[in-house]
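Colleague: Quick one: the structure is below, and I'll ask about it shortly.
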Amino acid sequence: MAIGSTQIKQICIAVWDLEKAERSWTHILGIQPEKLKTPLWKDVPSYTHGRADTFVEQDFLVYHLEGGVALEIFGPGNPDQPNPWREFLEKHGEGVCNIAFYVDDRAKAYADIHEVCEAKGPYHEGFYPGGSYTFVDTYKELGVELNIKRDEDNTALIARLKADPSSYTHLE
């Protein structure tokens, strides 16, 4: 069995000091990062542990590496706005938070992950117009979480969630 992908698309690292990490990674890689902010909830709805996220415009960095791999660096964000990256830092300390793979069949990927990991599905899900991403806590078994991504049209779903955030249900 396999999740349906062996191509890493993104590696996410969580750090306590984003500025320090930027200086170090820029020096090591010799390239400048793209400086971004997490999108507003109305544009990219996300849920952690089944609840609509409240964090807003958290700073993060993206280094665009060869082969189309993105290296994302996230800091802890605002302590008054819980987020999955702060949760990872508090549980595990600094390090690789997740590795992302694009899959065609998300349900099959979750089933295959569950064969070797306790996690039955994601604890964090986000929806953008052209796709979705989900964080699955596989840390105990793999030493890192998995980020399962899928290209799909989420325009109608985002409109529904904007109108009624409580209409959310876990992805299958």
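Colleague: Excluding Tyr63 itself, what net charge comes from residues whose Cβ is under 10 Å from its Cβ, given Lys and Arg +1 and Asp and Glu -1?
Modeller: So the surrounding residues net to -3.
Colleague: Would you rank Asp105, Asp53 by solvent-accessible area, highest first, keeping every protein chain in place and using a 1.4 Å probe?
Modeller: Sorted by accessible area, descending: Asp105, Asp53.
Colleague: Continuing with the same structure: Please report how many Lys pairs in the stretch 58-167 have alpha carbons closer than 18 angstrom, counting only residues at least 8 apart along the chain or sitting on separate chains.
Modeller: 5
Colleague: Further, regarding this structure: Calculate the FRET efficiency for Glu115 and His92 from the Cβ-Cβ distance with a Förster distance of 30 Å, rounded to the nearest 0.05. Kindly include the intermediate steps, with their values, before the conclusion.
Modeller: Numbers: r = 23 Å, r/R0 = 0.77.
Efficiency, rounded to the nearest 0.05: 0.85.
Colleague: Any chance you could run the full-extension gain for Gln81 through Lys42? It's 0.36 nm times the residue separation minus the Cα-Cα distance, nm to one decimal.
Modeller: 12.4 nm
Colleague: Then there is this: Given the chain, what percent of its DSSP beta bridges are antiparallel, to the nearest 5?
Modeller: Expressed as a percentage, antiparallel bridges in the chain total about 75.
Colleague: Quick one: accessible surface of Lys35, probe radius 1.4 Å, all protein chains present, in square angstrom to the nearest 10.
Modeller: Solvent-accessible area, nearest 10 Å²: 140 Å².
Colleague: Solvent-accessible area per residue for the stretch 29-136 at a 1.4 Å probe radius, Å²?
Modeller: 47 Å²
Colleague: Hey, rough spin-label estimate for Trp16 and Lys162, points 7 angstrom out along Cα→Cβ, what's it come to in nanometres?
Modeller: It works out to 4.0 nm between the two label points.
Colleague: Tell me the carbon and sulfur percent of the accessible area for the stretch 1-144, rounded to whole percent, probe radius 1.4 Å.
Modeller: Details: 4120 of 7460 Å².
Of all accessible area on the stretch 1-144, carbon and sulfur atoms account for 55 percent.
Colleague: Summing Lys, Arg as +1 and Asp, Glu as -1, what charge do residues with Cβ under 15 Å from the Cβ of Ile8 carry, Ile8 excluded?
Modeller: Once positives and negatives cancel, what remains is -1.
Colleague: If Lys and Arg each add +1 and Asp and Glu each add -1, what is the summed charge of the other residues whose beta carbon sits under 12 Å from the beta carbon of Gly126?
Modeller: The answer is -1.
Colleague: Which residues in the stretch 53-95 have a backbone N closer than 17 Å to a point placed 7 Å from the Cα of Thr26 along the Cα-to-Cβ line?
Modeller: Those under the cut-off are 59-65, 71-75.
Colleague: For the chain, return all DSSP H helices satisfying: extent of Cα atoms along own axis at least 30 Å; mean Kyte-Doolittle hydropathy at least 1.0. Walk me through the numbers on the way to the answer.
Modeller: Details: long enough: none.
What comes out of the filter, once short or polar helices are dropped, is none.
Colleague: What spacing in nm lies between the two simple spin-label points modelled at Asp59 and Thr169, each 7 Å away from Cα in the Cβ direction?
Modeller: Going by the 7 Å Cα→Cβ label model, 4.1 nm.
Colleague: Name the shape class, rounded, prolate or oblate, that the alpha-carbon gyration tensor gives for the stretch 1-113, where a ≥ b ≥ c are the square roots of its eigenvalues, rounded holds for a/c under 1.5, and otherwise prolate holds if a/b is larger than b/c and oblate otherwise.
Modeller: In terms of gyration-tensor shape, oblate.
Colleague: Show Leu29, Leu157 ordered by accessible area, largest first, where the area counts protein heavy atoms only and the probe is 1.4 Å.
Modeller: Details: Leu29 60, Leu157 35 Å².
Largest accessible area first, the residues go Leu29, Leu157.
Colleague: Run through the DSSP bridge list for the stretch 90-153 and note the antiparallel percent, rounded to the nearest 5.
Modeller: Around 70 percent of the beta bridges assigned by DSSP in the stretch 90-153 are antiparallel ones.
The values are calculated or read from the model by the stated rules, or taken from the named source; none is laboratory data. In this text the structure is predicted, and so the values were computed from the model without any measurement. With ideal geometry, Cβ positions are generated from the backbone for all residues, glycine too; neighbour counts draw on all protein chains shown. All accessible areas refer to the heavy atoms of the entire protein, side chains included, with ligands and DNA or RNA removed. Shrake-Rupley method; radii C 1.70, N 1.55, O 1.52, S 1.80 Å.
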